[in-house]
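Novice: Pasting a structure below so you can have a look.
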Amino acid sequence: MDIRSLIRDIPDFPKPGILFRDITTLLRDPQGLRYTLDALHQSCTAAGMAPDYIVGMESRGFLFGPSLAYQMNAGFVPVRKPGKLPSEIHSAEYELEYGSDRLEIHQDAIAPGSNVLIVDDLIATGGTAKAAAELVSQCGGQLIGYGFIIELMALKGREQLPGVPIVSLIQY
């Protein structure tokens with residue numbers, strides 16, 4: 001299946017000059033969604049990833065992370081935008097291709113020494129994924145890899161990430 005054909009391009013969103021890869025059209029397609037989740041699971045497994053936890057970043061990481069956690073018999077840990085978590089948190093700031101932001105995780109979300117796979121819909125500059133890795137480290141987790149649906153190759157986000165396996169299903 002060509003999942004690329006199910007992803008819509010939105011020019012000048014969220015600001016002029018950005019070409020946004022919209023996955024809502026993929027999400028609404030039952031066969032495309034099933035294929036994407038199965039392909040991500042198979043690719044991560046083939047790369048030797050056996051996580052105890054899947055970390056997904058708000059908000060699109062929440063769409064793929066829990067299903068992948070179910071398939072891989074792992075727990076799911078949400079990483080949120082500031083002010084959304086009710087207990088003690090760790091935080092990490094990061095740069096986006098169009099600004100900056102911060103992510104947070106509960107301090108007790110990951111058991112120390114646990115294997116963690118970070119999942120998101122897209123890697124661009126790598127800032128969000130790098131911040132998530134920092135949060136995993138702050139919790140005492142062992143990052144074993146990343147899984148993405150889309151990789152924007154021109155932004156070289158992969159170069160910002162630590163030396164662990166990185167899976168991306170499609171590249172632009």
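Laboratory data are not the source of any read-out in this text; all were calculated from the coordinates shown. Note that the structure is a prediction, hence the values are computed from the model and not measured. Counting neighbours? That spans all protein chains shown, and the Cβs are built from the backbone with ideal geometry, glycine included.
Novice: Which value at 222 nm does the chain reach when only helices count, each DSSP H run of 4 or more adding -39,500 (n - 2.57), with the total divided by all residues and rounded to the nearest 500 deg cm²/dmol?
Specialist: -7500 deg cm²/dmol
Novice: Here's another thing I want to ask about it. Would you mind listing how long the chain runs along its three principal axes, going by Cα atoms, in whole Å with the largest first?
Specialist: So the three principal-axis extents are 40, 34, 30 Å.
Novice: Sticking with this one: Please work out the FRET efficiency for the pair residue 9 and residue 59, using the Cβ-Cβ distance as r and a Förster radius of 30 Å; give the result to the nearest 0.05.
Specialist: In this case the efficiency is close to 0.90.
Novice: Still on this structure: As a footprinting exposure proxy, order 169, 103, 135 by other Cβ within 10 Å, with the fewest listed first. Kindly include the intermediate steps, with their values, before the conclusion.
Specialist: Numbers: 169 17, 103 23, 135 26.
Neighbour counts put them in this order, fewest first: 169, 103, 135.
Novice: Express as a percent, rounded to the nearest 5, the fraction of DSSP beta bridges in the stretch 31-161 (both residues included) that run antiparallel.
Specialist: Taking every DSSP beta bridge with both residues in the stretch 31-161, the antiparallel ones total about 35 percent.
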